[in-house]
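Peer 1: Here it is: the structure, laid out below.
The values are calculated or read from the model by the stated rules, or taken from the named source; none is laboratory data. Quick caveat, the model's predicted, so the values are computed rather than measured. Neighbour counts are summed over all protein chains in view; Cβ atoms, including those assigned to glycine, are modelled from backbone coordinates with ideal geometry.
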Number of protein chains: 2
Amino acid sequence: MNQIIQELTRVNGQASQILAITDRGLCYGDGLFETIKVCSNKPLLWDAHFSRLELGCKRLGIPFGGLKDRFDADLKALLPLNSHDTAVLKLTVTRGSGPRGYFPSKALRPTTISSLTAATDFSRKAAEGVILRWCDTPLSINPLLAGIKHLNRLEQVLARGEWENTDIAEGLMRDPDGCLIEGTMSNLFWCSAGVLYTPDIDRCGVAGVMRATLLALALKHQIPVVVGRFMPDVLNEADEVFICNSLIDIWPVIRLDGLTWEIGPVTGQLQTLLKEENSV
Amino acid sequence: MNQIIQELTRVNGQASQILAITDRGLCYGDGLFETIKVCSNKPLLWDAHFSRLELGCKRLGIPFGGLKDRFDADLKALLPLNSHDTAVLKLTVTRGSGPRGYFPSKALRPTTISSLTAATDFSRKAAEGVILRWCDTPLSINPLLAGIKHLNRLEQVLARGEWENTDIAEGLMRDPDGCLIEGTMSNLFWCSAGVLYTPDIDRCGVAGVMRATLLALALKHQIPVVVGRFMPDVLNEADEVFICNSLIDIWPVIRLDGLTWEIGPVTGQLQTLLKEENSV
C-alpha cells in the first residue's frame, strides 16, 4: 500500500518548512543527514543512526552536544501527528547559518531539520528481486569524507541521472581505480560458496546503517563475512547478490547487465533475521 | 574602508531570504554558485562568470535556459538599492525543490538565489602580500566535478578549518597524488625565470574566472605561461608566487612555511594590467 502522509517538518525545533539562504548546508553542503524507517511509530535502528551522525559531526567538527535532545524533541512532536504504519524520518544537521566564506567558525549554532514523510512500500521488490546497472560516474576517494553521510552528494546525483528506465532499481558505482564500492543509494553484498562479501568503505562510499546491521547479524549467525577491496569481476562468480539500506531493507538482485541470479538462501536468511530483529 | 551594506537578497525572482528545506541545493549540494565583484554598480567579468555557470549547468544537467534572464532581472532589482562603491554579488542555482531521492528529474524548476553583500577591502593584502600554509585535507579527483563551481564544498570547508591564525590568509591544497592544485578559495600562480605557471584543474579544483582572466592577460602581453601538473617542490624554485580570485584579485604571497618571496615584477605587472582591464 502506498501511503500518503502530509509532510511534517521541523526546523530548529519549530514547525517550519524553510531555511535561511545563508545556511551552510545550502552554501557548501556543510552538514549531514540520516534517513530512518519508522514502523508502528518506532524509529528503527535509532541508536545506530545516531552513532553515525555523531561520527559525522566529529569528522566535520560540528558540535554534537545537544543535537540528540533536539531531535528527540522533534520526534516527540512529530510522531503523535503520524497515524500511519510506516514512515520515513529524515534528520539533517548543518553547521548553521553564517557569513560567506569556507571558514567553519565554532561560534555557529548548528541547524536541525526533521521531516516525516510517506514511506514507499517495497515488499514486492524485496520478494521478487531487482535489476541493477553499472554507473559510469565514479565515486572519488577521500578518506576524510568516506563512511559518513554528508550533504555533498553530487556524485550520487550524477550517477542516478545516468538512467531513466524505471525497470532498473539501482546503479552500481566504482572508485577511480575501478574497485566496486556501492549503489547510488544502497550498499552491496554478494555471496560466493557460502561466504558473504561486501566492499570496504574506508576510502569512499557510505557506511550504511543497514550494512552494519547485516554484518552484525551475519556474524551472530555464523555466516562467514569478508570485507575488502574487490574488482567488479568478482560478481561473475557470485551465487547471490543483494543491496540494502535502512529504507529498502534487503533487495535481492536478479540481474546486472548480462549476469543473472536466483534469490539465494543467504539472502533469504538475512531477510528473515532482519524481520525478526525489527519486530523485537 | 569596510563597507556595510544591508543584505539584499532575492529567491526565484522575489525579495526573500528563505528557501524550502526540500531544495536539492540543501539536500545534496545539487547546484552551483558564482561570487562576482561589483564596482561602481558594474558586475565585473559578468560574461566569464556566466560562461562558467552555464558549463556547470550543462555538466550537472540543470536546464540553463531562462536562468540568465532571471539573474539579469535580479540584478536590475538589486543594483538600484546598492549605494556603495564595491559589493559582492553571489548567484546560486540549484536543481530546485523536489521529493527525496537522488534522481535528478528534468521536471524540476531550478531555484535561483541572488544576494548583494558588503565587499571587504583587500587593498592592503594586495599591496603588502600574504602568508600561506599547507592544508592536509586533500582535494579528491573527479573530472566530472572538476573546474565547475558546484555546491559540494566540504573539502574546502575542512581545509579552511585547519587553521584559525588570522595572520595566515590562505591554505594550499593538493590532490591525493600530492600534486599542487589551488588554495581553499583561490587559484595559485608562480613565476620562475620569467615563465608564469599554474596547476591544471582538469581532475580537481575550480577553474577560477580570475585565473582565466590572468592567463588571457599574460598571453596578450607576451608573458610565457605553462599550465600543467606540478609537485609542491616547484615552489622552492619560484621567483614570485601569488594567489587570485574574483573578489581578492591578486594577492602576492610573501611566505609559505620556510619559503619567502618578494613581491615580484610579473605579479606587479599583472596587478596593473588587471586594474586597467577592470576600469575599461
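Peer 1: When you go through (1) more than 29 Å from A:LEU32 (Cα to Cα); (2) assigned to a strand (DSSP E or B) one by one for A:TRP251, which number turns out not to apply?
Peer 2: It fails just one condition, (1).
Peer 1: For segment A:111-164, name all the residues that are in a loop (DSSP other than H, G, I, E, B), more than 8 Å from chain B (Cβ to nearest Cβ) and of a type outside the set (A, V, I, L, M).
Peer 2: A:THR120, A:ASP121, A:PHE122, A:GLY129, A:CYS135, A:ASP136, A:PRO143, A:LYS149, A:GLU162, A:TRP163, A:GLU164
Peer 1: To continue, here is another question. Hey, does segment A:3-10 have a residue that's part of a helix (DSSP H, G or I) and either among the β-branched types (Val, Ile, Thr) or over 21 Å from the mean Cα position of the chain (by Cα) (or both)?
Peer 2: No: zero hits.
Peer 1: Is it true that A:ARG52 is closer than 29 Å to B:LYS149 by Cα and of a type in the set (D, E, K, R)?
Peer 2: So A:ARG52 passes the test.
Let's see how each residue does on (1) more than 14 Å from chain B (Cβ to nearest Cβ); (2) in contact with a Phe, Trp or Tyr (Cβ under 7 Å, 6 or more places away or on another chain); (3) of a type in the set (Lys, Arg); (4) surrounded by fewer than 21 Cβ atoms within 10 Å (Cβ to Cβ):
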site	(1), (2), (3), (4)
A:GLY29	no, no, no, no
A:LYS37	no, no, yes, no
A:SER40	yes, no, no, yes
A:HIS49	yes, no, no, no
A:GLU54	yes, yes, no, yes
A:GLY61	no, no, no, yes
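Peer 1: For segment A:234-266: of the residues being within 22 Å of A:ALA207 (Cβ to Cβ) and of a type in the set (Phe, Trp, Tyr), which is surrounded by the most Cβ atoms within 10 Å (Cβ to Cβ)?
Peer 2: A:PHE242
The rows are residues; the columns are (1) modelled with pLDDT of 95 or more; (2) within 13 Å of chain A (Cβ to nearest Cβ).
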{"position": "B:ILE4", "(1), (2)": "no, yes"}
{"position": "B:ARG10", "(1), (2)": "yes, yes"}
{"position": "B:LEU19", "(1), (2)": "yes, yes"}
{"position": "B:LEU45", "(1), (2)": "yes, no"}
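Peer 1: Among the residues of segment B:254-280, which ones are assigned to a loop (DSSP other than H, G, I, E, B) and either within 25 Å of B:CYS135 (Cβ to Cβ) or in contact with a Pro (Cβ under 6 Å, 6 or more places away or on another chain) (or both)?
Peer 2: If the condition is that a residue be assigned to a loop (DSSP other than H, G, I, E, B) and either within 25 Å of B:CYS135 (Cβ to Cβ) or in contact with a Pro (Cβ under 6 Å, 6 or more places away or on another chain) (or both), then B:ASP257, B:GLY258, B:TRP261, B:GLU262, B:ILE263, B:GLY264 are the ones that fit.
Peer 1: If you don't mind, another one. I'd like to check something: does segment B:192-201 contain any residue that is part of a strand (DSSP E or B), among the polar types (S, T, N, Q) and under 26 Å from B:SER140 (Cα atoms)?
Peer 2: yes
Peer 1: Next up: Please go through segment B:59-112 and give me each residue that is in contact with a strand residue (DSSP E or B) (Cβ under 9 Å, 6 or more places away or on another chain) and basic (Lys, Arg), ordered by number.
Peer 2: B:ARG59, B:ARG70, B:LYS90, B:ARG95, B:ARG100, B:ARG109
Peer 1: To continue, here is another question. Based on what the data block shows, is B:ILE181 buried (at least 23 other Cβ atoms within 10 Å of the Cβ) and either in a strand (DSSP E or B) or assigned by TED's automatic domain parsing to the domain that holds B:THR111 (or both)?
Peer 2: Considered against the rule, which asks whether it is buried (at least 23 other Cβ atoms within 10 Å of the Cβ) and either in a strand (DSSP E or B) or assigned by TED's automatic domain parsing to the domain that holds B:THR111 (or both), B:ILE181 comes out as yes.
Peer 1: From A:ALA87, A:ALA119, which residue is within 19 Å of the chain's Cα centre (by Cα) and surrounded by fewer than 21 Cβ atoms within 10 Å (Cβ to Cβ)?
Peer 2: The match here is A:ALA119.
Peer 1: Of these, B:ARG124, B:ARG109, B:ARG160, B:ARG133, which one is of a type in the set (D, E, K, R) and closer than 17 Å to B:LEU60 by Cβ?
Peer 2: Result: B:ARG109 is the single residue among B:ARG124, B:ARG109, B:ARG160, B:ARG133 that is of a type in the set (D, E, K, R) and closer than 17 Å to B:LEU60 by Cβ.
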